[in-house]
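Every number in this text was worked out from the coordinates using simple rules, so none of it is lab data. In this text, all values refer to a predicted model and were calculated from it rather than measured experimentally. Cβ coordinates were reconstructed from backbone atoms using ideal geometry, including for glycine residues, and neighbour counts include every protein chain displayed.
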Amino acid sequence: MILFLLAYLGGVLTIVSPCILPVLPFVFARADKPFVKSGLPMLVGMAATFAVVATLAAVGGGCGGAITYRFHARDLHLVLGPSADGKPVRFKVTVDGHTPGGDHGTDIDADGNGTVTGQRLYQLVRQSGAVSDRLFEIKFLDSGAQAFAFTFG
């Protein structure tokens with residue numbers, strides 16, 4: 001019984017979380033109409049929008065794409081992949097607006113320069129001193145880079 005109650009409360013918390021907001025139109029769609037006429041057009045529109053935006057970001061983004069992220073860890077890794085045609089993608093990393101210097105990871109030099117040559121985990125920052133809040137930025141100098149997930153150490 002306790003497990004059932006905890007599962008129920010977890011569901012209630014999920015409903016009030018911000019992650020559910022994009023789904024609310026489906027929840028409150030007109031109940032007097034079939035799903036094909038009320039919810040399906042919204043679902044298809046939302047899925048198409050996400051697909052188009054993701055495609056533009058990954059393939060048609062052109063040069064100048066960047067990711068900025070505040071972190072608090074000794075190491076910062078990012079899973080990256082080259083362009084869809086397999087061409088390497090050059091990038092430059094800064095930490096707090098400056099080249100990483102001695103805090104560079106194994107996949108970049110002290111000036112923050114690196115190249116995505118394959119789909120894998122890239123170590124971009126390895127702080128040598130005390131760990132503190134830092135602002136990480138990666139700027140892609142070529143088009144087509146794919147970025148998937150950060151990990152920290």
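Points to keep in mind about this one:
- Residues in segment 102-121 reached by a label modelled at residue 90 [backbone nitrogen below 18 Å; 7 Å Cα→Cβ]: 107-118
- Inter-probe distance in nm under a simple model that places probes 7 Å from Cα toward Cβ, at residue 130 and residue 72: 1.4 nm
- Cross-link reach list, lysines versus residue 139, counting only Cα pairs under 24 Å and skipping chain neighbours closer than eight places: 87, 92
- Phi-derived couplings, Karplus 6.51 cos²θ - 1.76 cosθ + 1.60 at θ = phi - 60°, listed residue by residue for segment 93-103: 10, 10, 10, 6, x, 10, 4, x, x, x, 8 Hz, with x used for Gly and Pro.
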